[in-house]
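First the structure, in the form of structure tokens, and then the observations on it.
The values are calculated or read from the model by the stated rules, or taken from the named source; none is laboratory data. Computed from a predicted model, the values in this text were never measured in an experiment. Note that each Cβ is placed from the backbone with ideal geometry, even for glycine, and that neighbours are counted across all protein chains shown.
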2 protein chains.
Amino acid sequence: MVYIKDLLRKKGLRVTPQRELIYRLLSESKAHPTAEHVYQEVRKTFPSISFNTVYKTVRSLEEWGLLQRFNTGENIYRYDANVSPHPHFICLSCGRVDDMDNFPDDVENYVRKAASTSPCEIKFVNLHFYGYCPLCRGSSRKINNKEEDNGGSD
Amino acid sequence: MVYIKDLLRKKGLRVTPQRELIYRLLSESKAHPTAEHVYQEVRKTFPSISFNTVYKTVRSLEEWGLLQRFNTGENIYRYDANVSPHPHFICLSCGRVDDMDNFPDDVENYVRKAASTSPCEIKFVNLHFYGYCPLCRGSSRKINNKEEDNGGSD
DNA sequence: GAAATATATGATAACTATTATTATGTTGTA
DNA sequence: TACAACATAATAATAGTTATCATATATTTC
């Protein structure tokens, strides 16, 4: 378990209770929450925290390499305390975002493959799998137009 | 070469010069432009077109499966007339977005791999490679914090 | 080719999500 | 404990996208 206090102190940054809580919430979450979700959770402990503080804090944590921020084809950022490269899954029906556990390949190999055939210097890769989660795949909530799409929202 | 007129008529949709031009610009572009870029290009032919028309048109083309829309970790949508699954490359310095030509793997295999180990129903995958394009890789314009990041913006 | 209709466009407003500014509060150091 | 520097809270602003409504236009029919 990473001690955010140590990480921050090592970088010469202030340790504040807001930062500790925001980081802990994200460390313990596999939901890849949006800023709004983080804000709602943090407010349970710090009722007077401002939305702006949540934004600034997650932004700073990202800049310090302690979080990764991404979006998945929607107009909203999500945050992940797991900064190692790993694929995600996005449900086309309910919108949930999960880690793609058990994916057999090491995505770093994709980086190497891409680097071997490209004039660009490849640093990392994002893998986003889209489909229906177990709760939605059996239901009629599937988005019909996505069923007949041959591409997706990449 | 896809004839947008035929595609639209087949779906019972109006063929308008704005739609033709917007689709043609995107078909011929590998830049995966934003709505603003599309708007600037279209204005060269239709000076009085409205920004709203561009937004509504690309949105409709996407809904009709004729375009794909995605974002790459920034707060802005990009559009691509190539709706078949293919990886993209994003430059961390200049921000350009390109197709990852010559990538040796068929990304559909990744979908099959993911589907074989996941309880989710996987429909498609987005692959975004991040790094430095040939113009930026040799320069000092690299974003320093990204050099030492171990994850990225996924 | 003209008329009618339904849909698209253009102009404008509104909304959403995020970022910036500034005054005040807090952390860390001496 | 005091002070300086940074963080937070409150508020404003920005950027990008979507909605509304009046007008224009594409398509169909005659």
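Go through (1) under 13 Å from the mean Cα position of the chain (by Cα); (2) hydroxyl-bearing (Ser, Thr, Tyr); (3) over 22 Å from residue B:7 (Cα atoms) and name the single condition residue B:93 misses.
Failing condition for residue B:93: (1).
Considering only residues that are under 19 Å from residue A:4 (Cα atoms) and of a type in the set (Lys, Arg), which ones fall in segment A:16-62?
A:19, A:24, A:30, A:56, A:59
When residues of segment B:1-25 are filtered for being loosely packed, with under 12 Cβ neighbours inside 10 Å and within 9 Å of DNA strand C (Cβ to nearest atom), how many remain?
Matching residues across segment B:1-25 total 3.
If you check A:99, A:105, A:80, which single one turns out to be over 16 Å from the mean Cα position of the chain (by Cα) and away from DNA strand C (no atom under 11 Å from the Cβ)?
Exactly one of A:99, A:105, A:80 is over 16 Å from the mean Cα position of the chain (by Cα) and away from DNA strand C (no atom under 11 Å from the Cβ), namely A:105.
Within the group A:130, A:110, which residue is within 27 Å of residue A:35 (Cα to Cα), of a type in the set (Phe, Trp, Tyr) and not assigned by TED's automatic domain parsing to the domain that holds residue A:63? Working first, answer last.
On the way: A:110 fails: within 27 Å of residue A:35 (Cα to Cα).
A:130 is the lone residue from the list that is within 27 Å of residue A:35 (Cα to Cα), of a type in the set (Phe, Trp, Tyr) and not assigned by TED's automatic domain parsing to the domain that holds residue A:63.
When residues of segment B:14-51 are filtered for being within 13 Å of DNA strand D (Cβ to nearest atom) and either within 14 Å of chain A (Cβ to nearest Cβ) or touching a Cys at 6+ places or on another chain (Cβ under 9 Å) (or both), how many remain?
3
Checking the structure you have, find out if any residue of segment A:62-71 is without any contact (Cβ under 8 Å) to a residue 40 or more places away in the chain, part of a helix (DSSP H, G or I) and within 8 Å of DNA strand C (Cβ to nearest atom).
First, pick out the residues of segment A:62-71 that are without any contact (Cβ under 8 Å) to a residue 40 or more places away in the chain: A:62-63, A:65, A:68-69, A:71.
Going one step further and asking which of them are part of a helix (DSSP H, G or I), we end up with A:62-63.
Narrowing the set further to residues that are within 8 Å of DNA strand C (Cβ to nearest atom) leaves none.
There is no residue in segment A:62-71 that is without any contact (Cβ under 8 Å) to a residue 40 or more places away in the chain, part of a helix (DSSP H, G or I) and within 8 Å of DNA strand C (Cβ to nearest atom).
Go through (1) within 25 Å of residue B:129 (Cβ to Cβ); (2) surrounded by fewer than 22 Cβ atoms within 10 Å (Cβ to Cβ) and name the single condition residue A:89 misses.
Tallying (1) within 25 Å of residue B:129 (Cβ to Cβ); (2) surrounded by fewer than 22 Cβ atoms within 10 Å (Cβ to Cβ), residue A:89 fails exactly one: (2).
Name the residues in segment B:112-142 that are facing chain A (nearest Cβ under 7 Å), not in a strand (DSSP E or B) and not basic (Lys, Arg), would you?
Within segment B:112-142, B:114, B:117, B:118, B:119, B:120, B:133, B:134 meet the criteria.
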